[in-house]
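The values are calculated or read from the model by the stated rules, or taken from the named source; none is laboratory data. No experiment lies behind these values; they were computed from the predicted model shown. Here the Cβ positions follow ideal geometry from the backbone for every residue, glycine too, while neighbour counts run over all protein chains shown.
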Amino acid sequence: MQRIPMTRAGYEKLRKELERLIKVERPKNVKDIEEARAHGDLSENAEYHAAKEKQSFISGRIQELQDKIARANVIDPSSINQSRIAWGATVKVYDLNTDEERKFVLVGADEADVKNGRISVTSPVGKSLIGKEVGDCVTIKAPARTVEYEVLEICFE
């Protein structure tokens, strides 16, 4: 069973979503199915079919979350060597091509949010940054273009 690395916040987010699905969404969906059944002929009952489809989605998401939570490996950034870029690091880099500074937080795949600078350690950028130190230059070959970064700062929050 492969462990899934994640932050404490990422773990709590998954746990809260699971709790909401089990305690709020699933019971509401059961009531929606009962109400739709009461309307009669199920073969032409769009409300019933929509509720059954939603039930299937909820059940699938519950199973997925339970699996991820069971395999979670909550990593404490304070236990990591903080002189090099590692999982959980906040990294400030200088883009040598555009003369801009960028900031990334390296997280697990489920926590990635590129728009907010949270990148997966399994992404091309994440893989290239892992193990680097302040002052190192990194060349990342992405499908669209090649990017060069200089590592300016590493911190673990």
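Scanning the stretch 52-61 for residues that are in contact with a helix residue (DSSP H, G or I) (Cβ under 9 Å, 6 or more places away or on another chain), assigned by TED's automatic domain parsing to the domain that holds V24 and polar (S, T, N, Q) turns up at least one hit. Against the condition among the charged types (D, E, K, R) and touching a Ser or Thr at 6+ places or on another chain (Cβ under 7 Å), how does E111 come out, does it pass? Answer is yes for this residue.
Counted as qualifying within the stretch 63-130 are the strands (runs of 3 or more DSSP E) with 3 or more residues that are in contact with a strand residue (DSSP E or B) (Cβ under 9 Å, 6 or more places away or on another chain) and of a type outside the set (V, I, T), namely 89-95, 100-107.
Residues being surrounded by fewer than 13 Cβ atoms within 10 Å (Cβ to Cβ), at pLDDT below 90 and within 28 Å of D113 (Cβ to Cβ): count how many of those fall in the stretch 9-50. Here the count works out to 1.
Considering only residues that are among the aliphatic types (A, V, I, L, M) and without any contact (Cβ under 8 Å) to a residue 40 or more places away in the chain, look in the stretch 110-144 and name the one that is nearest to I85 (Cα to Cα). Checked the stretch 110-144; the qualifying residue nearest to I85 (Cα to Cα) is V134.
Scanning the stretch 59-110 for residues that are closer than 20 Å to D136 by Cβ, exposed (fewer than 14 other Cβ atoms within 10 Å of the Cβ) and modelled with pLDDT under 85 gives N81, S83. Applying the set (1) outside any helix (DSSP H, G or I); (2) at pLDDT 95 or above to Q2 leaves exactly one unmet item: (2). The set of residues in the stretch 5-56 being under 30 Å from A89 (Cβ atoms) and outside any helix (DSSP H, G or I) consists of P5, M6, T7.
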